[in-house]
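Everything below concerns the one structure shown next.
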Amino acid sequence: MASVAESVPFERRALPAAVRRKRFLVSVANNSLIIVFAIAFLLPFVFMVATALMTNDQALGSSLWPSPFRWRNFIDVFEKAPLLRWTLNTAIYSGLATLGLLLSSIPVAYALSRLRWRGREAAFIVVMIALMMPPQVSVVPIYVMWAKMPIIGNQIGNLTPLIAPNWLGDAFSIFLLRQFFLSIPEEYLDAARVDGCGEFRILTTVVLRLAKPAIAAVALFSILYTFNDYFLPLLYTGENSHHWVLQIGLSQFRNLHQVQWNLTMAATLLVMAPVILLFFLAQKAFVEGVTLTGVKG
């Protein structure tokens, strides 16, 4: 007859005191290490917020904490710089570039993953080469092309050179979407074909619905990249302040008010706020999309 101790599942048995103590100490050590790293990463942000709420004398002095809090700094930023204009330019750049990237990359990714046609593997190799090629390689010829654009004329100084290339597809987005499309069961697509659906209808009614996490991840990648982009806006719009984006404007604001650290930190926080808010709102879709894109190669 089995004893009572043997009938109790192993997970429910009382562990020896030494084992429980060891597990507790390991858990405390792991959590303590995580807390230390979290504090180390948060300290610069806390310092930025504290400086943004200081007076100019406090920011230049040895004060570590504002007393009193000067909320007026955030209003002064809008009075000293056209922040709304920079924000609008950034929204136009990010919005139109992301829209064009999705409209152009999704059909290409579907064609490379689900359609059978001659030269498909060669086309995918070209996409991979473009993915590995540094953007600095093509900057000079593309700049000359936009400067000598026929019919529409010189586009240097406008947002067009920043937006238009995204409507021709993006190698990274095509690769990411292709990997997700490959993970969709072929039976779903075959069932749609049996019902008489063409490839375009299959893409719009079946694939896009199943690929929402990957599309959301690609869109978020594009928004974050265009929002933080400094090099290309400086290259194409640096001579026209009317079309500056937030990153260019923030750099110029720092140069003009380099001794007013409270205003510089306040402007930096205002620029960072939309990205931080967007990441927290779309964090679930972002993590899910990135995780699922590597299921099948």
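Quick notes on this structure:
- The chymotrypsin sites (Phe, Trp or Tyr not before Pro) of region 121-221 include none that meets both conditions, a loop assignment by DSSP and at most 14 other Cβ atoms within 10 Å of the site Cβ.
- Kyte-Doolittle mean at least -1.0 and Cα axial length at least 20 Å: DSSP H helices in the chain: 17-52, 83-114, 212-228, 261-281
- Low-density loop cleavage sites - trypsin sites (Lys or Arg not before Pro) in region 148-230, where at most 12 other Cβ are within 10 Å (DSSP): LYS148
- Net charge of neighbours whose Cβ lies under 12 Å from the Cβ of ARG193, counting Lys and Arg as +1 and Asp and Glu as -1: -3
- The computed percent of Cα pairs over 29 Å apart for the structure shown corresponds, within (1) 57; (2) 40; (3) 32, to (1).
A short reminder: the numbers here are calculations on the coordinates, not readings from a lab. Quick caveat: nothing in here was measured; it's all calculated off a predicted structure. Don't worry about glycine lacking a Cβ; one is built from the backbone with ideal geometry, like all the others, and counts go over all protein chains shown.
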